[in-house]
Amino acid sequence: GSTPPPRSLASWLTSRGLGHTQDETTACIPHDIYVIGTQENSLGDREWVEFLRASLKTLMAIDYRVIALQCLWSIKIVVLVKPEHERRISHVHTSSVKTGIANTLGNKGAVGVSFLFNGTSFGFVNCHLASGSEKTHRRNQNYSDILRSLALGDKRLSAFDLTLRFNHLFWFGDLNYRLDMDVQDILAHITKKEFEALLAVDQLNLEREKNKVFLRFSEGDISFPPTYRYERGSRDSYMWQKFKPTGMRINVPSWCDRILWKSHPETHVVCNSYGCTEDIVTSDHSPVFATFEVGVTSQFVPKKAPGSDPESLACIEWESIEVIIKTASRSKCYIEFHSYCLEGEVAPPGLGMCHRGGPAGAVPHTVPVAEAQRSGENTSQSCDIPGFLKLGWAAKHLPVLNPILPDLEYLGDQHLLLSIKGVDSCESYGECCIAMRSMIGSMAQQFETFLFHRGEETGSMRGWMKVRVPKDRRSTRERLYEWISFEEEDAVLAAEPPACPKPPLQHFRSRPRSLPEPAASYTNPAYFIFEGVM
């Protein structure tokens with residue numbers, strides 16, 4: 001709110017207040033990562049970062065390290081991690097997008113950070129979208145512009161939809177969507193804590209239902225009151241009348257400040273809290289937080305040196321692929337295949353290999369960069385429905401893909417990114433992500449997924465495939481879990497360890513009691529559990 005921060009951020013950084021909050025016994029356990037997003041933050045960049053670090057040191061007695069800071073005028077995002085995790089983080093990228101007047105002013109827009117934690121990719125976007133109850137379409141356009149223009153993640157994936165480039169993407173900030181209801185009715189529902197009636201007229205929920213924004217994103221249950229617009233200095237009443245030189249403006253109480261996320265299929269992510277503070281009153285917004293438990297893969301150490309046995313090769317085989325895309329074009333198409341586990345891709349730290357017993361930060365195994373592997377042209381084509389094109393590929397026109405490592409526990413944590421491209425234009429009609437875990441076996445498995453391009457749903461893909469693993473590479477070892485935590489507040493992202501403090505690395509012969517047992521999950525015996533707060 002363009003005012004100095006409060007003296008204490010304790011409730012925000014420990015996820016305490018209203019809504020789904022942290023349990024008292026776990027609130028003060030340090031998170032591994034904190035991602036803090038602010039809007040209208042007039043504090044200097046260095047001063048703000050040091051204030052956050054000092055706040056965390058007072059609360060947690062830990063000197064957190066700065067991984068990234070990105071600013072666009074008064075929109076800021078800061079990523080802080082425990083000192084012991086600093087060496088695990090690499091490939092840090094930052095970016096910003098202006099969406100103010102004529103997309104040239106930075107009073108509105110977004111800042112973003114991406115990085116790899118060992119072999120798991122993370123993306124974080126903090127935004128401030130257009131204000132005003134009547135500006136729903138403008139906010140939708142802001143979202144689209146940010147999604148298309150934010151330069152985050154692996155540059156080789158720049159043609160892919162931003163929401164597909166990361167194992168875990170968190171998007172938060174002052175999204176500014178309002179409630180479509182008379183202000184007096186809104187106030188009456190708030191007094192009675194009848195939030196369901198209000199959420200039914202929440203513009204963000206309505207636009208998501210129409211697939212206008214945040215396709216396939218998730219959001220925690222909202223059980224806290226609207227976070228805007230309060231009278232500064234207290235949380236007793238909403239200041240819904242705003243007097244301006246042009247006259248009085250009505251700002252209905254609304255959930256402007258939100259945290260959403262989207263993760264690759266068959267990955268582990270649990271939102272453990274989602275709420276707002278009630279004791280930070282310097283702004284007309286109440287700060288919002290969320291905590292997450294997120295699975296990240298460890299750096300994999302193969303039992304045998306790769307290539308030592310030519311017969312011990314895994315392969316990804318396709319029996320058929322069928323695609324339906326929204327287009328009036330009748331062009332022939334091909335499919336591009338991307339994955340760090342494939343030959344011809346450079347493996348970043350954590351996805352490559354190191355000698356058994358070597359340091360976790362060892363230089364990864366890489367192979368020369370090659371063009372993305374691709375299929376032949378589609379073998380069947382029809383356009384029975386106007387505006388849609390149906391394409392098919394038979395097995396002989398689809399490539400057999402060879403992962404750089406054939407081990408079951410490694411392949412179970414990998415994903416394939418596919419892009420449908422026109423033969424003539426080489427432009428993408430849609431992209432998707434397929435988890436390899438449920439495809440492993442001697443029999444082909446069916447898959448089905450949606451296609452996305454530039455934030456829009458552009459079609460669907462289905463087919464049959466299998467991931468064949470050599471017999472001598474199918475064993476798994478004792479499962480290892482490391483507790484990592486991270487936090488976000490409107491955004492702070494953090495993750496938090498289990499209720500009882502444990503040493504940094506724990507060995508479990510069975511799953512920890514604090515975690516549910518999902519089907520066909522955690523096939524990697526060295527699987528991190530990452531908890532965080534947003």
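Can you bin the range 370-483 into rounded, prolate or oblate? Criterion: square roots of the alpha carbon gyration tensor eigenvalues sorted a ≥ b ≥ c, rounded for a/c under 1.5, prolate for a/b above b/c, oblate for the rest.
Verdict is prolate for the range 370-483.
For the range 9-294, the carbon plus sulfur part of the accessible surface works out to 50%, probe radius 1.4 Å.
To the nearest 10, the accessible area of residue 252 is 10 Å² with a 1.4 Å probe.
Treating each Cα of the range 9-294 as one equal point scatterer and applying the Debye formula with no solvent, the log10 of I(q)/I(0) at q = 0.07, 0.11, 0.13 Å⁻¹ comes out as -0.25, -0.63, -0.91. Too long at a 18 Å Cα-Cα cut-off: which of 155/332; 108/135; 390/421? Over 18 Å apart, Cα to Cα: 155/332.
Sparsely packed loop sites in the range 14-91 (the GluC sites (Glu not before Pro) outside DSSP H, G, I, E and B with at most 13 other Cβ atoms within 10 Å) comprise 24. Given +1 at the Cβ of Lys and Arg, -1 at the Cβ of Asp and Glu and no other charges, the dipole of the range 9-294 around its Cα centre is 980 debye to the nearest 20. Computed with a 1.4 Å probe over protein heavy atoms only, the accessible surface of the range 9-294 comes to 38 Å² per residue.
The values are calculated or read from the model by the stated rules, or taken from the named source; none is laboratory data. None of the values given here were measured: they were computed from a predicted structure. As a convention, Cβ positions derive from the backbone with ideal geometry for all residues, glycine included, and neighbour counts pool all protein chains shown. Calculation scope for accessible area: heavy atoms of the full protein, side chains included, ligands and nucleic acids excluded. Shrake-Rupley method; radii C 1.70, N 1.55, O 1.52, S 1.80 Å.
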